[in-house]
Structure formats: structure tokens, C-alpha cells
Amino acid sequence: MKRVLLLLLGVAVAVGLAAYFVPGPAATVDGTSVSRTALAQDLSAIAGSSNYQCYLSERESLNAGRAVSVRLQGAPATSATSVFATTFVDGWLGQMVQAQVTANLVTAAGIHVTPGDLTVGRSVLDRRISAVLATYAQDAGSTTGCGGSGAAVLASVPAGFAAEQVAAQTDQSLLDARAAGAGLAGPQIAGYFDAHRGDFDKVCLSVIVVPTKAKAASLAQAINGGASFAQEARTSSIDSTTAANGGVAGCGVLAGTSLLDPLRGLALGQVSAPIAYNGSYLLAEVTSRTPTSFTAVQSTVMTVLLLAGQAKADAQIAAAIHGGHLAVDPRYGSLKAGTALVTPPASPPRTSILTARANTPGA
């Protein structure tokens, strides 16, 4: 009996030590783990792709309104001792936590993610990355970098990491579409188009751009009184390109732009009320409206559909984060109350370091 007890004790000690040394999750989201292994694999994937790092830097620069360089800070990805900056690790862990919250909401809503949904999610992610690269290049007055496209960026990372990002985008897109009363399947997108068909007409415009609302109102009054829109554009518009053409601005679909609402229902040849636009004001005249087919504008319909539900879906995600049971491993820091933002752990005060001079180079 004594030997059996000793054996059992040995097993208990082994299990206890195993439980102590097996690393816990980096975070938990309502009982679902975000593993440290998954976090490490993501960091390694990012470290191995200069294109993806470039994309992250350009995305953060656009969000911040200034040049930002994402710093992974550490040894090369091929090194077994790679060390990453705490701020970057915490920022990425926060994204993983939010992605898990979103995935849980998709499951709770009874949404079954299909291969077709993932195909749409990949195309959405591709376009959104491409949009970041193009917008950054335009703002910087340079050519598109980071591989030039979303497809190139995704191709530069391991397939598993790309699939993870596609899955996260698909979950977000499914919630956005659901909030807009639709889904990602072709018939659902077509149904949204049918319900908002007029918003996707091809509209040709002439515009007059002026610095103040008062000037725009004065010109509108003159045009409504019989003055020529084209002549007023030539003499008063501060947009040299359209002014030279009598205000002719070209044709396109207004859905998804800030001009849709103020110009919806505007009769042909009628001048609009003054519209605030990029720090100036413009008057617009619709010169033609042409119905479009769903096939011709399908990608635009998808973009507009997702935008229509985005605010509501974001509010649902925020509520789930605020009311959920979220936690992170204290070694990474802590969650800012009510958010998925991970705050780095506080550095100990210098007085708490017994050999502070050991941390001073050359001491």
C-alpha cells in the first residue's frame, strides 16, 4: 500500500509540475483561449514579411494623421531568440482578442461561415489593404509600395497567417452585412442592390467649388435666377481642372460617397444647395442619370452594404467586449476597462531594482 501511495504521489507531483510549466493562454475571451503559440506564430509571420510590416506602418500612419513606423524591435525572424517590442505585441494581442469576440458573436448569431463567405472575405480584405496602400501613396505623393496591392501583401505571409486574417475579416463582414439586413451570399447582395437600385445609378455631374458657404449660396441664387452654371464655374470655381471645362466633373456611382445623400433625387439641370466638401463648398448639377446592372457594380454594392451595417455591428462588438469576461496574461499587461486594448505592464521603479547600475550600459 505504501508503494502505491508513493506512486500516486509521484503522479500527482508530475501532473502538478506539468500544470505549472505548461504555458497558459495569452488571453481568454468568454472562456475561449487565445493561445500564446498562436500569438507567437502571428508575430513570426509578420516579422518575416516586409510587405506586411510596410502595410501596418501605412495603415497606422493614415489613422494617426502622421508618419508612423511599426517597430517589431528584435532579432531577425530566423533567430530562435527573437524579441518583439511590448507595444507591438500588446497591440497585436488586442486585435486577436477583438477578432475572437467577433467570431463568438458570429457563432452566437447562428451564422454558418461558408467557403463562399471566406472567398468574399478575402476579396474584401484584399481591397481594403489595397485602399490603404493607394491612399497612403496619394497622400505622400509617391508610388504605391508594400508590394503594390492587397493580394501581394497577403501573398507575402505564410498561408496560415493569411487564412487567419481572412477569417477575421469574414467574421467582421458577416456582422456588418447582417446589421444591414443582408448577408455575403450573391442573392443577398443582389437583393440589397434591388432595394437601393437608384443609389447605384451612373451620375454625371458639373460642379462649382468655392471657399465659403456664403459664396456658394450666392452663386446658387444667381444660377436659379438664370445665370449659366458653366459660366459661373469658369469664373468662380477654385478647382482649376473642372473650371476650365465649365464645371464638368465626370460620371460615376455616388453610392458610398458623401455626395449621395445631398444629390439623391436632385432633378436634371437643377443646382444643389451648398455642400461642405473637403474644407470647401461646392454646388453640383446633375446632367444625366443612367441605371446600372448589378453585374457592373457588384463590388461597389458589397462595399456600400458593409458600410451600411458597420456602425451597428461595431456597437455590438463594443457591447460584447464591455460586457464580456476578457483577460490577458499579466506578463503582457492588462486590458483597458471595457475595451480590447492591452496596456503594457508598468516598469518597476528604479528604487525597486537592487542592482540598477547593472542596467546601465558601460556601468
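Conditions tested, residue by residue: (1) surrounded by 15 or more Cβ atoms within 10 Å (Cβ to Cβ); (2) charged (D, E, K, R).
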{"position": "Asp176", "(1), (2)": "yes, yes"}
{"position": "Gly186", "(1), (2)": "no, no"}
{"position": "Cys204", "(1), (2)": "yes, no"}
{"position": "Leu219", "(1), (2)": "yes, no"}
{"position": "Asn224", "(1), (2)": "no, no"}
{"position": "Asp239", "(1), (2)": "yes, yes"}
{"position": "Ala244", "(1), (2)": "no, no"}
{"position": "Val248", "(1), (2)": "yes, no"}
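Out of all the residues in region 36-52, which are over 19 Å from the mean Cα position of the chain (by Cα), over 13 Å from Trp92 (Cα atoms) and in a helix (DSSP H, G or I)?
Selection gives Thr37, Ser50.
Mind checking which residues of region 254-271 are among the hydrophobic types (A, V, I, L, M, F, W, C), surrounded by 13 or more Cβ atoms within 10 Å (Cβ to Cβ) and part of a loop (DSSP other than H, G, I, E, B)?
Leu254, Ala255, Leu259, Leu266
When the residues of region 316-363 are filtered to those that are at pLDDT below 85 and β-branched (Val, Ile, Thr), which remaining residue is farthest from Ala180 (Cα to Cα)?
Thr355
Answer yes if at least one residue in region 126-141 is within 30 Å of Asn278 (Cβ to Cβ), among the charged types (D, E, K, R), modelled with pLDDT of 95 or more and surrounded by 22 or more Cβ atoms within 10 Å (Cβ to Cβ), and no otherwise.
Within region 126-141, none of the residues are within 30 Å of Asn278 (Cβ to Cβ), among the charged types (D, E, K, R), modelled with pLDDT of 95 or more and surrounded by 22 or more Cβ atoms within 10 Å (Cβ to Cβ).
For a quick check of your reading of the model, give me the residue pairs whose first member lies in region 101-122 and is modelled with pLDDT of 95 or more and of a type in the set (Lys, Arg), whose second is assigned to a helix (DSSP H, G or I) and surrounded by 14 or more Cβ atoms within 10 Å (Cβ to Cβ), with beta-carbon atoms closer than 7 Å and at least 6 apart or on different chains.
Cβ pairs passing all conditions: Arg122/Val166.
Taking region 142-156 only, how many residues are surrounded by fewer than 13 Cβ atoms within 10 Å (Cβ to Cβ) and in contact (Cβ under 8 Å) with a residue 12 or more places away in the chain?
Filtering region 142-156 down to residues surrounded by fewer than 13 Cβ atoms within 10 Å (Cβ to Cβ) leaves 142-143.
Filter once more, so that each one left must be in contact (Cβ under 8 Å) with a residue 12 or more places away in the chain: none.
Adding up the residues that qualify gives 0.
The values are calculated or read from the model by the stated rules, or taken from the named source; none is laboratory data. Keep in mind it's a predicted model, so treat the numbers as computed, not measured. Don't worry about glycine lacking a Cβ; one is built from the backbone with ideal geometry, like all the others, and counts go over all protein chains shown.
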